[in-house]
1. Mind putting a number on the dipole of the stretch 9-183 about its Cα centre? Charges go on the C-beta only, +1 for Lys and Arg and -1 for Asp and Glu, and I need it in Debye to the nearest 20.
2. What is the antiparallel percent of DSSP beta bridges lying wholly in the stretch 9-183, to the nearest 5?
3. Please identify every one of the GluC sites (Glu not before Pro) in the stretch 491-575 that sits in a loop by DSSP and has no more than 11 other beta carbons within 10 Å of its own beta carbon.
4. Compute the distance in nm between two label points, each set 7 Å from the Cα along the Cα-to-Cβ direction, one at residue 146 and one at residue 542.
5. How about the stretch 89-173: which trypsin sites (Lys or Arg not before Pro) there are in a DSSP loop, with at most 16 other Cβ atoms within 10 Å of their Cβ?
6. Please list 296, 331, 5 from largest to smallest accessible area, probe radius 1.4 Å, with all protein chains kept in place.
7. So, by mean Cβ neighbours within 10 angstrom, what's the order for 429-441, 278-290 with the highest one leading?
8. Over the stretch 9-183, what is the relative contact order in percent, taking alpha-carbon pairs closer than 8 angstrom and at least six residues apart?
Amino acid sequence: SLSKLQLKTGDLDPRLFSRLRHLQKLDLSDNLLDKFPNSLTLPDLRVLNCNNNKLEDVTALKQFPLLEELTYENNVYLTLNDDYKVMFLLQNLRLLNGKDITKLANHVRRVNSRKLTSKVTAHWEKFFRDKLPEKHTAEQVKSIKKKFLKSVQTNVVYGPSSLSEFTRWRVKMIAEEFLAYSLGLELNSDTEPEEKTDESEEESTESPREAAEDVAQVGDFSSYINNVTVTPSKRKRNHSKSSPGNKRSKTQANTEEEAAEDVSAEPLHFLQCHSKGNSREDFKTQLWSCVFEPVLDSGARKDPIVSSSRTVATCGGESVCLIDCETGTVLKKYKVATEEFFSVAWTTLTMVISDSRKKAHNILAAAGRRGIVKLIHVAADFCYGEIKAHKKPIATVCFSPTQETHLFTASYDKRIALWDIGIPDCDYNFKASQLLVLETASIPLRIALVPTCPEQYLLAGCEGGCFAWNIKLDKGQKSRPFEAIFQFPDEESMTTSHRVDGLAFLNDDVVVSKSSKPGCIYLWSWSRSFDAKGKGCQRTMSAVILAELEWSTTDMSYLTLSTCPAKEYVFCGDEKGSVWMYNLSNYTAAWGSAKGKRSERRISPTQILKWPELRVNGEQPPEILVNNVVADPAFTYLVVLTSVNITAIWKKS
């Protein structure tokens with residue numbers, strides 16, 4: 001046992017350790033190790049404990065081929081990808097972090113390897129085989145090897161996106177073995193550093209069920225709906241998909257043939273994962289906000305499609321959940337017994353870790369009734385801090401797209417605050433500071449930064465209207481009144497006084513907002529409505545309406561809308577559990593032209609996704625309101641949050 005000795009990597013002297021030829025158990029927990037030296041040898045090591053260190057890489061563990069039990073919990077830089085790497089590298093491993101991984105490890109070594117090998121081979125055959133002349137020089141071989149390795153890591157995709165780093169690592173290994181075998185190349189013949197490759201969005205649907213099972217063990221899942229039968233209306237083909245085959249009840253999709261209309265999305269999962277006290281009888285907890293996790297290492301291109309993910313954070317009641325949309329697995333769950341969460345938002349912070357190396361990490365901010373923002377480092381399963389932002393509930397939060405530490409919080413205290421949350425150090429010390437306070441005349445419900453100038457203007461939909469503020473930080477004034485309030489058509493004239501409970505940008509200029517006028521969603525132009533040259537505050541400006549979207553005639557409030565800018569879609573749920581979808585790609589070019597005319601007729605929805613006939617223990621749930629509906633940037637998945645504690649996940653057909 002060498003536990004709790006403040007040991008660093010340099011303290012593990014290979015000359016000493018290589019003499020311990022019969023050592024079987026080694027405890028290195030609670031030290032400061034960031035990696036393992038490559039030549040410790042220890043040929044008979046069976047049990048290794050490295051809990052509570054600062055390990056960043058596990059590949060050096062392959063030097064212990066007889067290892068049967070391994071634990072490395074609370075090494076915050078190790079992820080699910082590292083679990084899969086050790087399962088592949090250590091053929092005798094049975095227990096990983098206390099869990100029996102025999103079945104999953106066999107899958108990783110056999111099925112996963114077989115699938116990836118066939119994909120790598122097919123990629124060579126299709127794109128590279130004919131590029132290499134029969135009589136080739138060493139230089140030609142080296143060039144094509146480099147291109148092939150880069151291409152194959154970018155384009156061969158398999159399994160969940162949360163395992164993309166492991167997949168790239170295995171693909172590179174398999175590709176090098178393939179080249180060595182087929183071309184007689186030496187493995188790792190050139191010592192160029194591994195290139196970071198852009199992740200391709202083409203996700204394979206053949207994700208291993210065992211992989212889903214393993215991920216499932218991470219969180220708290222006594223929360224799948226039991227005995228749910230789904231009969232979707234308007235279906236063209238039979239579709240049956242159950243949730244991962246572990247010990248939980250399954251969500252069954254029993255469908256009927258109905259060829260009346262082609263459906264653009266299929267119901268995939270119905271989850272009940274925000275229950276108070278994990279009660280299966282909870283159909284009252286309201287779900288409010290969801291946002292897809294940004295993909296790390298999406299390359300220099302900030303392409304929203306490439307940086308799309310299938311992992312979504314949802315909040316409602318006392319919990320925040322992280323869900324894999326493809327498998328329906330709840331990957332993580334974070335609970336605060338006295339809280340009711342209303343909003344979540346992601347940012348990516350580059351945090352300095354040991355050896356002064358920087359690494360990007362996704363941070364989730366969650367806030368709600370208590371007026372406190374919780375900051376969660378998701379990969380480390382750690383809520384590292386909180387900001388007491390307001391004395392009243394926080395309705396919504398959002399991060400600046402250009403300043404990753406800048407967080408806006410909109411509260412029932414009729415203020416929107418801008419915070420710099422800082423960057424945590426390796427011990428998670430951080431310093432948050434308030435940069436601005438925007439005074440609102442009424443409670444802010446939705447906020448949006450103007451895409452063309454996100455550091456200058458913020459738009460908010462409030463209980464009493466739609467407002468804009470100048471948020472430029474070089475202005476001395478820390479507390480600011482609104483700069484503009486927008487007028488909209490009422491039944492007879494124009495009005496500024498109405499509840500705006502839906503607000504989002506469809507593209508750089510077109511704003512989508514929903515207000516108290518029944519059955520109507522407005523699309524209007526930011527640049528034509530907002531007069532930036534005018535002087536003074538609190539000016540009234542008329543929204544230049546481009547079109548109206550036909551929507552439910554309900555007078556029910558707080559059923560919010562969202563947009564998918566890359567696909568030019570607007571989504572809004574209604575009071576009957578349906579989702580109204582509007583594909584506006586045929587209109588945006590005309591609206592963007594200088595003489596863009598208003599669309600005279602109301603635009604009907606492209607499609608309305610009806611809530612399926614859902615039975616829980618043989619009964620239909622009560623009235624179902626869709627509080628929020630959000631698509632990932634590529635519009636592969638649609639996540640529907642309801643008033644009855646059910647998260648519905650649809651997949652685009």
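The values are calculated or read from the model by the stated rules, or taken from the named source; none is laboratory data. All values derive from a computational prediction rather than experimental measurement. Glycine also receives a Cβ, built like all others from the backbone with ideal geometry; neighbour counts cover every protein chain displayed. All accessible areas refer to the heavy atoms of the entire protein, side chains included, with ligands and DNA or RNA removed. Shrake-Rupley method; radii C 1.70, N 1.55, O 1.52, S 1.80 Å.
1. Roughly 900 debye, rounded to the nearest 20.
2. Counting only bridges with both partners in the stretch 9-183, antiparallel ones make up about 20 percent.
3. Answer by residue number: 491, 492.
4. Reported label-point gap for residue 146 and residue 542 is 6.2 nm.
5. Those that pass, being in a loop and sparsely packed, are 94, 135.
6. 5, 296, 331
7. Highest mean packing first, the order is 278-290, 429-441.
8. Once divided by the residue count of the stretch 9-183, the mean separation gives 15 percent.
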